[in-house]
Amino acid sequence: MKKIKYLLIAFILLVFFPQTVRAQSLGLGIYPPLLEVTIMPGKTLTQVYHLTNSGEVNLTMTSAIVAFEPSDETGGVKIIENTEKLQPLQFGFLNADLRLGQTFSLPTGKTQEVVLIIKVPETAPEKDYYAILLFQTSPLANLGGQSASQTQTKIGSPLLISVSRTGEPFRKASIEEFSLKNCAKLCIIDSFSPPQWLVRIKNSGHSFFKPLGKITLQGWLNQTETLDLLPQNILSDSTREIQCQKEDQVVSCQSQSKFLIGPFKAKLEFGLDDFSNDYQKEIQFIALPFKLGFGLLILVIILGLIKSKLVLDRD
Amino acid sequence: MKIKFCSFFVFLFFLLTGPVWAVHPMESDNFKIDWPNLNMGAGLPSSDNYGLGVTTGQTAPGLYEGYGSTGFKVRAGFQYIHSLIPFTFTIDKIAVDFGVLTVGVGTTDTIGLTVSCGSAGGYTITAHENNPLTSSAASTIDDTTCDADDCDEVDAGTWTLSTTYGFGYGMSGTDVPGEFSGGKYKQYADLSLPTPETPQAVMTGSNAGRNKQATMTLKVNVSGLQAAGVYENIIIFIATPTY
């Protein structure tokens, strides 16, 4: 009887007072995922953010504003804990019950709205400031005396802030690379392999911009094809590999043509935050049916060998 | 006569008045709004959550024209993605329990990572550790350098020998860096070093998408010289959309 009592107590303790919650999922969502601002010195703006707990555990969160710089040429961010780069901009929350940096609870399934306020002092230098609004969880698990790794999750949303008195900050670009992938200077491609372009654009101005433009492919038989550039942000003093778009889908900058033959011209043209041909570059290449020719050659050789073998056998 | 006059007046009214558009560009010398969507408010709004002064407007209003009149232009979200779905990151457990560590027997466990880009164009997930696995007596299990002493927080290497000791991780699944192919492992970037190491990407995607999944395999193997104790650390994930 005593044994059953102990077992019952142990069962109740196990069910109602679990020692660990480590197998439960942790999920966070943030909206908007990006904020782009061009603002005058002396002005203030606000933006509402939504942070959602989509996991299975109640969370304790804190917030921070950190600086970032590009980590690669594909839009990745490298967080810089030192916020000196963001001086003298001032960030805060307008919520009545929550300040930036203050701890708050976020129960499972709930969304916390925060109103971010950005103040730009009158004396702020006219340049770009790249920041991330970052929310982070506190480690949760009760490890129960076992060797273990706890997890902590941070989720952020980048802010691209360009301070300018005129609203038209100095923008300048250069085409770092416009070439066919896997192709040397004298470009000869196979007719059955659709060409794919590598577009790398450098921002050498003072403000981020989006290249708006296209790649036009034109052949000697007047075949034409147009690929629209994806309007991706290029930050000041950085280079970005630009992708293309088709029917609202992000695609690589690759021709959709199944067969090309003869000499071709590919022309890249774009403007900065504006459709124009301010920046242009043209490359030429030749498409020939190598694989088909090679296949035919092999076939001819094999047939020749068979024929000669038959002649030898007959002799 | 009066009826005739009234009919004529009504006829003229319909004939001469132009169409009334619900959305029409508004402009003056100082500003131009192509697609006006004006929101107005009065008084001082307040609730349990907010103490707003005079802020009115809407979430993600798109690009404001009329820089001179407002002093700013703002765009929330991506121009080429028409979605209000949040960027979401999920891990399937909040801690990895290695249990009792046995000498020369590598212990592994996994964390499932899921990313839904939602309204974001792409994303990066990085991982690092606050410090190597450390006991309450300040003993540490060093980060692995793999079988050929060729892996660190940047480069991955093969780790299959039971005589290779340390702590590390491998990745498999969608949008995982190619260096992990073949079941390779690397160290976590260590934040406790005098010059903290840079967190490394464990998942990177340049296209929008839902439920992109990957698995992180954590591995620890200790030698007979390792001091007894309970070893712990914190693995920190940072999820950010691309810009």
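Here are a few things to note about the model shown:
- Among (1) away from chain A (no Cβ under 14 Å); (2) in a loop (DSSP other than H, G, I, E, B), the one test that B:Met171 misses: (2)
- Among (1) under 21 Å from A:Phe68 (Cβ atoms); (2) of a type in the set (Gly, Ala, Ser); (3) assigned to a loop (DSSP other than H, G, I, E, B) - the single one A:Ser157 does not satisfy: (3)
- The residues of region B:207-233 that are within 11 Å of another protein chain (Cβ to nearest Cβ) and within 30 Å of A:Ser252 (Cβ to Cβ), listed by number, are B:Asn207, B:Ala208, B:Gly209, B:Met216.
- Filter pass, A:Ser138 being farther than 30 Å from A:His206 by Cβ, within 11 Å of another protein chain (Cβ to nearest Cβ) and of a type in the set (Gly, Ala, Ser): yes
- Where strands (runs of 3 or more DSSP E) fall entirely within region B:51-152, those with at least 3 residues that are modelled with pLDDT under 95 and of a type outside the set (Ser, Thr, Tyr) are at B:72-76, B:95-99.
- Against the conditions (1) part of a loop (DSSP other than H, G, I, E, B); (2) within 14 Å of chain B (Cβ to nearest Cβ); (3) polar (S, T, N, Q), A:Asn182 satisfies every one except (2).
- Condition check for A:Thr38 on (1) within 18 Å of A:Tyr129 (Cβ to Cβ); (2) facing chain B (nearest Cβ under 8 Å); (3) exposed (fewer than 15 other Cβ atoms within 10 Å of the Cβ): one failure, at (3).
- Qualifying positions in region B:147-169 - in contact (Cβ under 8 Å) with a residue 40 or more places away in the chain and on the phi > 0 side of the Ramachandran plot: B:Gly166
- When A:Ser276, A:Ser236 are screened for being closer than 30 Å to A:Arg171 by Cα, within 14 Å of chain B (Cβ to nearest Cβ) and either among the basic types (Lys, Arg) or not in a strand (DSSP E or B) (or both), only A:Ser236 passes.
- Checking the stated criteria, A:Ile79 turns out to be outside any loop (DSSP other than H, G, I, E, B), within 21 Å of B:Thr242 (Cβ to Cβ), out of contact with any Leu (no Cβ under 7 Å at 6 or more places or on another chain) and in contact (Cβ under 8 Å) with a residue 12 or more places away in the chain.
- For region B:190-202, residues that are away from every other protein chain (no Cβ under 11 Å) and within 17 Å of B:Met171 (Cα to Cα) total 1.
The values are calculated or read from the model by the stated rules, or taken from the named source; none is laboratory data. Treat the numbers as computed from the prediction; the structure is a model and nothing was measured. Positions of Cβ are backbone-derived with ideal geometry, glycine not excepted, and every protein chain shown enters the neighbour counts.
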